[in-house]
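The values are calculated or read from the model by the stated rules, or taken from the named source; none is laboratory data. Model, not experiment: these values are computed from the prediction. Here Cβ is always computed from backbone atoms with ideal geometry, including for glycine, and neighbour counts include all displayed protein chains.
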Amino acid sequence: MDLRLTDKVCLVTGASTGIGRATAMAFAAEGAQVVVSARSLPPLEELATAITAAGGRAPMVLTADLAEADGPQRLARALHEEARHIDVLVNNAGGSRPLEAWDDEAAWDEGFRLNFLAARRLTEALAPAMLERGWGRIVNVSGAVVAKNFNAATPAKAALESWSKAAAATFASRGVTVNCVAPGRINSPQILDRLHPTEEARRAYIAQNIPAGRFGEPREAAALIAFLASEVAGYITGTTIPIDGGALRTAF
Ligand SMILES: NC(=O)c1ccc[n+]([C@@H]2O[C@H](COP(=O)([O-])OP(=O)(O)OC[C@H]3O[C@@H](n4cnc5c(N)ncnc54)[C@H](OP(=O)(O)O)[C@@H]3O)[C@@H](O)[C@H]2O)c1
C-alpha cells in the first residue's frame, strides 16, 4: 500500500529512542521529510545519520524539553524560524511516572506536563496552519489509562485521549485527523531498563498479561502510527487504537 507520505513534513517528538525512533525511521522510509525532537542532541544526531544511511532525506533535528511550560511553544517557534510547515505531528514524548509517594505534587505536575500538556500545547501551536492548508494528521501516543498503582502518567494519558476526541471533532471537517495509539508493552529503554529490568520479570508479566506471548517491537507501533498519519487514513479520526498483543487487563 502506498501511504502517500512522500514529501510530507512529519514532526516526531521523543524521537531519539523506542517508539519515536522507529516512527521517524518509518516516515523516512516512506520518503517523508522528518523533523526529530527530544532533549538530548547526540541520540538525535545518531538517528539522523541512520536515516540518511538508509537512503532517507536528511532529517531536521531540534532539541526541546517539552515538560517545560514554554517548551512546546519554543519548538514551534524554531520550526517557524526555519519556515517549516508541519503536515504530520506525532506527540510521542512521554513516559511512565510511578510515584514514590501518592501525594508528590511535583511528580504529578511533571507527569501531566510531559504526558498531556506538551501534546496539547504543541497541537495548539501547529494545528492552525494545518487547518489553514486543509490537511493534517495528529497522532498522540497514549498508553494505559487505568492502573492499580498511582502513576502520574496514567491519568495524564486518560486526559490526552479525552482531549484528542474533542480536537478530532473540532478539526474533522477541515481535513485534519486526531487519533491516539495506546501501546501495551513495547520494547524500549523505559520498558526494558526501568519497568521490567530482568528477563524473569518480563517472562512473568508476559505469562500473566499478554496472549501474544511477547512484548511488541517499536517498528510494530511505528507501522500503526505511520498508517494513521497517512493520506489513506483520512476517514479515521477521534479514535484510540491499542497495540498490546491482546493484553488481558486494562488495570496494570
Ligand atoms: N514502550 C511502551 O511499552 C509504552 C507503553 C505505554 C505508553 N508508552 C508511551 O509511548 C511513548 C514512547 O514510549 P517509549 O517507551 O518509546 O519511550 P522511551 O524509549 O522512554 O523514549 C522517550 C523519548 O521521549 C524523550 N523525552 C523524554 N522526556 C522528554 C521531555 N521532557 N521533553 C522532550 N522529550 C522527552 C526521550 O529523549 P530525551 O530523554 O533525550 O528527552 C526519548 O526520545 C511515550 O509517550 C510513552 O508514555 C510506551
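Let me confirm something: among K157, K148, which residue is of a type in the set (K, R) and within 10 Å of the ligand (Cβ to nearest atom)? Write out each step before concluding.
On the way: K148 fails: within 10 Å of the ligand (Cβ to nearest atom).
Unique residue meeting the criteria: K157.
Grab the helices (runs of 4 or more DSSP H) fully contained in segment 134-252, keeping just those with 1 or more residues being touching an Asp or Glu at 6+ places or on another chain (Cβ under 8 Å). First the steps, then the outcome.
Numbers: elements: 153-171, 199-209, 218-228.
Per the criteria, 218-228.
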Residue within segment 165-182 that is more than 11 Å from the ligand (Cβ to nearest atom), within 18 Å of the chain's Cα centre (by Cα) and of a type in the set (F, W, Y) present: no
Output for segment 53-85, where each listed residue is under 16 Å from A22 (Cα atoms) and within 14 Å of the ligand (Cβ to nearest atom): P59, V61
Selection count, segment 86-129, where residues are without any contact (Cβ under 8 Å) to a residue 24 or more places away in the chain, more than 16 Å from the ligand (Cβ to nearest atom) and of a type in the set (A, V, I, L, M, F, W, C): 1
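Residue under question is E132, and the condition is that it be more than 17 Å from A169 (Cβ to Cβ), at pLDDT 95 or above, away from the ligand (no atom under 16 Å from the Cβ) and over 12 Å from the mean Cα position of the chain (by Cα); does it hold? Give the derivation first.
On the way: more than 17 Å from A169 (Cβ to Cβ): yes; at pLDDT 95 or above: yes; away from the ligand (no atom under 16 Å from the Cβ): yes; over 12 Å from the mean Cα position of the chain (by Cα): yes.
Taking the combined requirement at face value, the residue satisfies it.
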Given (1) over 25 Å from W135 (Cα atoms); (2) free of Cβ contacts under 8 Å to residues at least 12 places away in the same chain, number of the condition L44 does not satisfy: (2)
Residues satisfying the stated conditions in segment 183-213, i.e. within 10 Å of the ligand (Cβ to nearest atom) and farther than 23 Å from F116 by Cα: L192, D193, H196
Leading residue by the ranking (nearest to the chain's Cα centre (by Cα)) among those in segment 199-222 that are surrounded by fewer than 16 Cβ atoms within 10 Å (Cβ to Cβ) and hydrophobic (A, V, I, L, M, F, W, C): A212
Qualifying residue in segment 29-37 (condition: in contact (Cβ under 8 Å) with a residue 40 or more places away in the chain and within 13 Å of the ligand (Cβ to nearest atom)): yes
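Have a look at A78, A58 and point out the one that is in contact with a helix residue (DSSP H, G or I) (Cβ under 9 Å, 6 or more places away or on another chain), surrounded by fewer than 23 Cβ atoms within 10 Å (Cβ to Cβ) and not basic (K, R).
Details: A78 fails: in contact with a helix residue (DSSP H, G or I) (Cβ under 9 Å, 6 or more places away or on another chain).
Going through A78, A58 in turn, the sole match is A58.
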Residues located in segment 223-252, provided they are charged (D, E, K, R) and surrounded by 15 or more Cβ atoms within 10 Å (Cβ to Cβ): D244
